[in-house]
2 protein chains.
Amino acid sequence: MSTDHRDYYRGRKVLVTGGLGFIGSNLCRTLADLGADVTAVDSLLPDYGGNLFNLAGYEDKLRINVADVRGHGMEYLVRGQEVLFNLAGQVSHIDSMTDPFTDLEINCRSQLSILEAVRKGNPSLKIVYAGTRQIYGKPQRLPVDESHPLQPTDVNGINKISGEMYHLVYHSVYGIRTCSLRLTNTYGPRQLIRHNRQGFIGWFVRQVTLGEEIQLFGDGSQRRDFDYVDDVVDAFLRAGAMAQADGQVFNLGGEAPVSLAVLAKRMIEIAGQGSLRVAPFPEERKRIDIGDFYADATRIKDALGWRSTTSLDVGMTKTLDFYRAHKEHYL
Amino acid sequence: MSTDHRDYYRGRKVLVTGGLGFIGSNLCRTLADLGADVTAVDSLLPDYGGNLFNLAGYEDKLRINVADVRGHGMEYLVRGQEVLFNLAGQVSHIDSMTDPFTDLEINCRSQLSILEAVRKGNPSLKIVYAGTRQIYGKPQRLPVDESHPLQPTDVNGINKISGEMYHLVYHSVYGIRTCSLRLTNTYGPRQLIRHNRQGFIGWFVRQVTLGEEIQLFGDGSQRRDFDYVDDVVDAFLRAGAMAQADGQVFNLGGEAPVSLAVLAKRMIEIAGQGSLRVAPFPEERKRIDIGDFYADATRIKDALGWRSTTSLDVGMTKTLDFYRAHKEHYL
């Protein structure tokens, strides 16, 4: 695998919004290791995933700037930067239905604020936006490629479409070098596992780490694809460094899809603790569940040479080791 | 043509947001004529299209409630209503790029406010949302049907996707009876013709009414489809009355598409005044122009029995007669 896209970051000024969050912090650590001049911006809003421990040991290797992307200050923060990894967001499907206005503020208004700040103050900045497979909704065909219709099942999915499309329009209208990576289920160290409103995988990790029972909705036969966070970080690095990404959207699809029941059982085996129970779907979750989902990642493989390379066993072993060692910072 | 959908409104409590605007006011007048109990809500924001003269002669036949859908009060206004025609919106492509935040407030936040008010206070309300063909962006194929990819070219188009999708999600998740009509170029009496930021057709009407020169961008060969406002009103009445519309989106496509040059020449002939000049595209308009566009209206024909029936000659004659008689209220 070429490492040119990693060398690209030596000495680069890089801004990461959501930099204390799950993927953001893993990205910041890698960027700092590669010699980039990193600023991590995070609001540290309760329950969103930002966690100062995520950058533990890196406090002297990068700058941490606590700020809410909804507020002022982005004009200042984007100034002089060369690459922006734009990962700040509200990611809970459930929260977007109970409080759609906050989801709108964070996932739409803040994205416009960032893009306007870039347009006015630093239009040569490269931006990589963290999109999501959630915008596709319930798949009409599998695997889902980038031309699949967008039919999100909740307000969060709708607002994430806007966030992505704003980036694309600022590319087509103003020439700003933007792209979007549509993430699927990402797992690994530094993910929020405190509550279950940000998807099932962090919650499974929590239950297994605590030796508790994983409760599966339905019969657990829903198949999904998974990316280990290091692979996702590599995709961001490629997209940030490579001009082929400009104006594009890419699925990050995992390798072979796995059912939730198989995933849960494998996690319990790896951890040597925990248990599994199948339960009926709660009504409010059933209505927004999408069944099987896995993405076609051909496009990013062809354009940027990326693919998901970490096996679920290897990635999950690292993940569960991490939480076993550091659980006091995440529970 | 069946008139059952018109009889449906006798004695019905109906709310129309954007009720002093172009389509909203024509709809309010028809509803009042059909014996509905109509409340027209409008912000009368300068430059948006709301005009008290649009309901002249109907002041005693319906209620006019001046209110900004961004503010509070929708909880009260939706109470006890049976049908909501939701036409309030910011419709200028250009304005959405110069001030994307206002577009977001009106086309996204307000829609969420309305839907939350309905969900909490009147979940049996039927809602017909005014969508737009603009969400498709530059056509990949013609005519454009409802499955065409959504690739808007400006912030307004993105936010109108959100507005529509919020309605669909409130249907699928909460069972609220919503639908969306994706309007194409609508023309007729009571359209704003004061400035050229709400599309070309009102501007053409203005120039012809004043006997001035119509300036066409490019060579005027871009083909578009057109609906006379009475036909659009009939589509709203059908969608509001018929359960087949619930949870659906429908294109309102005109009959045969016409080039802008042919349209302009025909208008000049009908008016017996005005002239035509071809000019190069201004850069900021060229970047968001979509070329040829015409919609496939098969879906609404099959489901609701609607089609565009007014010829361009008949509709434009009525339109130009109206502005000749009332131009002091629109210039």
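The values are calculated or read from the model by the stated rules, or taken from the named source; none is laboratory data. A quick note: this is a predicted structure, and the numbers were derived from the prediction, not measured. For neighbour counting, all protein chains shown are included, and Cβ atoms are generated from backbone atoms with ideal geometry for every residue, glycine included. Ligands, DNA and RNA are excluded from the accessible area calculation, which covers all protein heavy atoms including side chains. Shrake-Rupley method; radii C 1.70, N 1.55, O 1.52, S 1.80 Å.
In table form, for the structure just shown:
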| read-out | value |
| --- | --- |
| Nm distances between copies for A:F217, ranked from closest, using label points 7 Å along Cα→Cβ | 4.6 |
| Test item: A:164-170 mean partner chain Cβ contacts at 10 Å | 6 |
| ³J(HN,Hα), Karplus 6.51/-1.76/1.60, whole Hz, each residue of segment B:94-104, x for Gly, Pro | 5, 4, 5, 8, 7, 9, x, 6, 5, 4, 4 |
| Counting DSSP beta bridges with both ends in chain B, the antiparallel % (nearest 5) | 5 |
| Rounded to the nearest 10 Å², the accessible area of A:F101 at probe 1.4 Å | 50 |
| Sum of -39500 (n - 2.57) over DSSP H runs of 4+, divided by residues of chain A (222 nm, nearest 500) | -11000 deg cm²/dmol |
| ³J(HN,Hα), Karplus 6.51/-1.76/1.60, whole Hz, each residue of segment A:41-53, x for Gly, Pro | 9, 7, 7, 6, 4, x, 6, 8, x, x, 8, 4, 4 |
| Pseudo-label separations to other copies for A:S124 - Cα-to-Cβ vector, 7 Å, nm | 6.4 |
| Interchain or long-range residues, amide H under 5 Å from B:Q248's placed H | B:S180 |
| In the A-B interface, the accessible area buried, summed over both sides, Å² (probe 1.4 Å) | 2600 |
| For A:T317, solvent-accessible area (1.4 Å; no DNA, RNA or ligand), Å² | 60 |
| B:G218 long-range amide H proximity, modeled H, under 5 Å | B:A279, B:F281 |
| Shielding by other protein chains, B:92-102, mean Cβ within 10 Å | 2 |
| In Å², nearest 10: area of B:I290 left accessible to a 1.4 Å probe | 10 |
| Average partner coverage of A:148-161, which counts Cβ from other chains inside 10 Å | 4 |
| Environment charge of B:I193, counting only residues whose C-beta is closer than 13 Å and scoring Lys/Arg +1, Asp/Glu -1 | +3 |
| Relative packing of A:22-31, A:305-314, which averages over residues the other C-beta atoms within 10 Å, highest first | A:22-31, A:305-314 |
| Probe 1.4 Å, all protein chains present, accessible-area order of B:Y48, B:Y294, B:Y166, largest first | B:Y48, B:Y294, B:Y166 |
| For segment A:65-86 and segment A:198-275, distance of Cα centres in Å | 29 |
| Accessible carbon and sulfur surface of chain B relative to its total accessible area, %, 1.4 Å | 48 |
| Helical segments meeting 24 Å axial Cα length and Kyte-Doolittle -1.0 threshold in chain A (DSSP H) | A:155-174 |
| Cα shape, segment A:73-171, gyration tensor, a/c 1.5 rule | oblate |
| Percentage relative contact order, segment B:1-83, counting C-alpha pairs under 8 Å, at least six apart | 33 |
| Long-range HN-HN contacts of A:T132 with modeled amide H, under 5 Å | A:L183 |
| Residue among A:P100, A:P280, A:P257 with the largest mean-square fluctuation in a Gaussian network model of chain A, springs linking Cα atoms under 10 Å | A:P280 |
| Per residue solvent-accessible surface (Å²) - chain B, probe of 1.4 Å | 37 |
| Listed residue pairs exceeding 24 Å between alpha carbons, taken from B:K138/B:K160; A:K13/B:K160; A:K61/A:K160; A:K13/A:K61; A:K61/A:K301; B:K265/B:K318 | A:K13/B:K160; A:K61/A:K160; A:K61/A:K301 |
